[in-house]
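Novice: Mind looking over this structure? Questions follow.
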Amino acid sequence: MSDPLSNDPARETHDRLPADGGFTLIELLVVIAILGLLISFVAPAVLRQLGGAKTSIARESIERMGSILDTYKLDVGSYPSGEDGLQALITKPSGVDNWNGPYIKGSTAPTDPWNHPYIYRNPSTRDGHDYDLCSPGPNDSQSGNGEICNK
């Protein structure tokens, strides 16, 4: 008996498809190596840009909070004491008249882009400043070396 499908032209075409239609292991490894090299060149530049953006955000936040501190001074007559700190912008300190706050939203003092609390000093340790408002920076510098401060 002969097979009735043996004379089917569709079956003959299907049997003749090439068997090696995929990629070899070497080709895949070359592509992965090229992608790895590209990422190793691009990643440091992206990370530098991200660090620069956080520094810019910290500077702008310090400037904005400086304006808020100026508003506080206009209302109260002086900047918050060093003991009251930035919390004086949220809750009324004892013994302060004409407080028209809260001056900032939230229940806690703001943090910098690296999630460190801002450093507020009154009186200032720098000449020509009424107060210091600083971010410790990316390395959480308390020594003043890497701080980003008001101008």
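Derivation of every value follows stated rules applied to the coordinates shown; laboratory data play no part. The model shown is predicted, which means the values in this text are computed figures rather than measured ones.
Novice: Starting from the Cα of K92, draw a straight line to each of the lysines and keep only those under 25 Å, dropping any in the same chain fewer than 8 residues away.
Specialist: Leaving aside lysines fewer than 8 places away in the same chain, those within reach of K92 are K73, K105.
Novice: Once the cut-off is 15 Å, how many percent of the Cα-Cα pairs in segment 50-117 end up in the long-distance tail? Present the calculation step by step, with values, prior to reporting the outcome.
Specialist: Values: 1216 of 2278 pairs.
Value for segment 50-117: 53 percent of Cα pairs lie more than 15 Å apart.
Novice: Just how many % of Cα pairs in segment 28-149 lie over 21 Å apart, if you round to the nearest whole percent?
Specialist: 49 percent
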